[in-house]
Ligand code: HEC
């Protein structure tokens, strides 16, 4: 009859022993897997950071042009690159395109009209045209 009280005792000793062994194993594995990860390159170097910004580009950034024109891609209006490809950088074209920016209109690229920009001076519009026509010709 005394054996009956022994059995649970033995079992619980075994249980604790097994548990202790398991913990030790986990500790060992932990200390082995402490790796130093290689230092990541976090430098935020932007390639265009020190590119000089022309007056026309700045004027366009301050106006609404970028809602309809992107440099590489047609949005509402043609890509600036495509405009540069269509017109040679001549004083006549500068004049004509500056007027178009101020007065708006459609027909040269399709049905969609460019909004007029009466608040933009002719000189500023010409600076923008010079910038647009310089794209892709650098
Ligand atoms: C509401 C949209 C919109 C905005 C804002 C806009 N454009 Fe346009 N732009 C157009 C569309 C559409 C055309 C094509 C017009 C056409 O087919 O003749 C165009 C054409 C042009 C052209 C070529 C014109 C031609 O006759 O080939 C130039 C240059 C131009 N835009 C410059 C600008 C500049 C600079 C600004 C900012 C001051 C501006 N655009 C703002 C929609 C826009």
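Quick one: compute the contact order of the stretch 55-134, relative version, from alpha carbon pairs under 8 angstrom and 6+ residues apart, as a percent.
Details: 106 pairs, mean separation 29.8, N = 80.
Reported as a whole number, the value is 37 percent.
Give me 127, 62 sorted ascending by neighbouring Cβ count inside 10 Å, so fewest comes first. Don't skip to the end; give the middle numbers.
Details: 127 21, 62 10.
Result, fewest neighbours first: 62, 127.
Pull out a ≥ b ≥ c, the square roots of the eigenvalues of the alpha-carbon gyration tensor of the stretch 55-115, then state rounded if a/c is under 1.5, prolate if not and a/b is larger than b/c, and oblate in the remaining case. Note, shape of the stretch 55-115 comes out rounded.
Rank the residues 60, 73 as a footprinting-exposure proxy: fewest other Cβ atoms within 10 Å of their Cβ go first. Mind showing how you got there, number by number?
Details: 60 21, 73 11.
The most exposed by this proxy come first: 73, 60.
No lab work stands behind these numbers, since they all come straight from the coordinates. Note that the structure is a prediction, hence the values are computed from the model and not measured. All Cβ positions, glycine included, derive from the backbone under ideal geometry; neighbour counts span all protein chains shown.
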